[in-house]
Amino acid sequence: MPPLPKRKYPKARQGKRRQHIKANLGHVVECPQCRNPRLAHNACPTCGNYHGRQAVTVAGPALSD
Ligand SMILES: [Zn+2]
């Protein structure tokens, strides 16, 4: 027989152990063009701007200017 835990861990203790396990969003920065949050080193999903130029075309009301 393998060694077994003497008691079950309560849900509170399990939660305390897992409190540091969470989804990692990565590095979120503010877009200098439209001030919306975007991932660093990625084109902005709102305005399509990257490094001062239009990198991707975004369909929607964000291109109203
Ligand atoms: Zn933007």
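The values are calculated or read from the model by the stated rules, or taken from the named source; none is laboratory data. A quick note: this is a predicted structure, and the numbers were derived from the prediction, not measured. We place every Cβ from the backbone using ideal geometry, glycine too, and count neighbours over all the protein chains shown. These area figures cover heavy atoms from the full protein model, side chains too; ligands, DNA and RNA do not enter into them. Shrake-Rupley method; radii C 1.70, N 1.55, O 1.52, S 1.80 Å.
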Checklist line | Order of exposure, largest accessible area first, which applies to Lys6, Lys11 with probe 1.4 Å | finding: Lys6, Lys11
Next item on the list: Could you please state how large a percent of the accessible area of the chain is carbon and sulfur, counting protein chains only and using a 1.4 Å probe?
Entry: 55 percent
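Based on Cβ point charges of +1 for Lys and Arg and -1 for Asp and Glu, what charge dipole magnitude is obtained for the chain about its Cα centre, in debye rounded to the nearest 20?
The calculated dipole for the chain is roughly 1080 debye.
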Margin query: Not counting ligands, DNA or RNA, and with a 1.4 Å probe, what is Thr46's accessible surface area in Å² rounded to the nearest 10?
Written below: 50 Å²
Check: Average projected area of the Cα convex hull of the chain, in nm²?
Finding: 8.6 nm²
Check: When ranked by the protection proxy of mean other Cβ atoms within 10 Å per residue, highest first, what sequence do the peptides 39-45, 19-25 form?
Finding: 39-45, 19-25
Margin query: I'd like to check one number: the per residue accessible area of the chain, probe 1.4 Å, reported in Å² as a whole number.
Written below: 94 Å²
